[in-house]
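What follows is calculated from the coordinates using simple rules that are stated; it is not laboratory data. These numbers come from a predicted model, not from an experiment. Every residue, glycine among them, receives a Cβ derived from its backbone with ideal geometry; neighbour counts consider all protein chains shown.
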């Protein structure tokens, strides 16, 4: 029980450190690095919330060399490096902290009854959080499907096929018309569907819209949002993870726009900005 609690706490702390540094440095990094970099840092923070730190550190120990032998002139004995400064010494120190010291400290200061009560509160909170979001998603999906109809014209379907081929997107992607939405959207993890608003869209704008949504599908941005939601479920008590969910969504859109705009002409960028 203490190991479960310590791993959960370690994951929450590790992810929060990444998010905190990300937000602290954002005024500088946003001016230097592209949106793709910001999005990548957000995905890395999600990984820290989902993977136990001790397992990550354990994997590093297999990659790092066992010893360090610095270069030295011929005939000169190699320099002795203190064990604590060697890579494995650092790995072992972190591993020991997460696997021994933290659980031991919890067992010392928290009784089994208190720890069990805390875990029960965490579990109930996680179930309520997950249940509420699942309910909202099912209700939202049902309303979308009820108000969606196939597009009667052949031109959008032909354009969709050409855009899929251009981006290297494989698999079936449905194209539907929805009278309740005001902007295009991509929905569905296993059966992706692009929904278009009922308002008329020119062929040029439709090409840009389909390219944008297919780019999200190619980069698996919906799966990133799902992983962020899982992280939010596990760490519902941590405000940093909810900030991260919103941040990842924003930078996912910006990085998608950035990737597409980098291959456009000035006129195409202007049209793209007007379409979105």
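Mind giving me the FRET efficiency for residue 112 and residue 137? R0 is 41 Å, r the Cβ-Cβ distance, nearest 0.05 is fine.
Numbers: r = 37 Å, r/R0 = 0.90.
Efficiency at R0 = 41 Å is approximately 0.65.
How do the peptides 121-132, 227-238 rank, highest first, by the average count of neighbouring beta carbon atoms within 10 Å per residue?
Peptide ranking by packing, descending: 227-238, 121-132.
When only Cα pairs under 8 Å and 6 or more residues apart are kept, what is the percent relative contact order across the range 151-267? Each step should come with its number before you reach the end.
Values: 104 pairs, mean separation 23.7, N = 117.
Dividing the mean separation by the residue count of the range 151-267 yields 20 percent.
In whole Å, largest first, what are the principal axis extents of the Cα atoms in the range 134-276?
48, 37, 27
Give the distance, in whole Å, between the Cα centre of the range 122-150 and the Cα centre of the range 2-46.
27
Among 5, 48, which comes first, second and so on when ranked by fewest other beta-carbon atoms within 10 Å?
Values: 5 19, 48 22.
Starting with the residue having the fewest Cβ neighbours, the order is 5, 48.
Between residue 120 and residue 146, how high is the FRET efficiency from 1/(1 + (r/R0)^6) when r is the Cβ-Cβ distance and R₀ = 51 Å? Nearest 0.05.
Details: r = 39 Å, r/R0 = 0.76.
Calculated value: 0.85.
Rounded to a whole number of µm²/s, how large is the Stokes-Einstein D of the range 174-251 at 25 °C and 0.890 mPa s, given Rh as the Kirkwood radius over C-alpha pairs? It would help to have the intermediate numbers written out before the result.
Values: Rh = 14.0 Å.
The diffusion coefficient I find is 175 µm²/s.
Can you give the percent of C-alpha pairs in the range 135-206 whose distance is more than 17 Å?
Numbers: 1119 of 2556 pairs.
Counting every Cα pair in the range 135-206, those more than 17 Å apart make up 44 percent.
What does the extension gain come out to for residue 204 and residue 26, with contour length at 0.36 nm per residue minus their alpha carbon separation? Could the numbers behind the result be given before it?
Details: separation 178, 0.36 × 178 = 64.08 nm, distance 3.50 nm.
Contour length minus Cα-Cα distance gives 60.6 nm.
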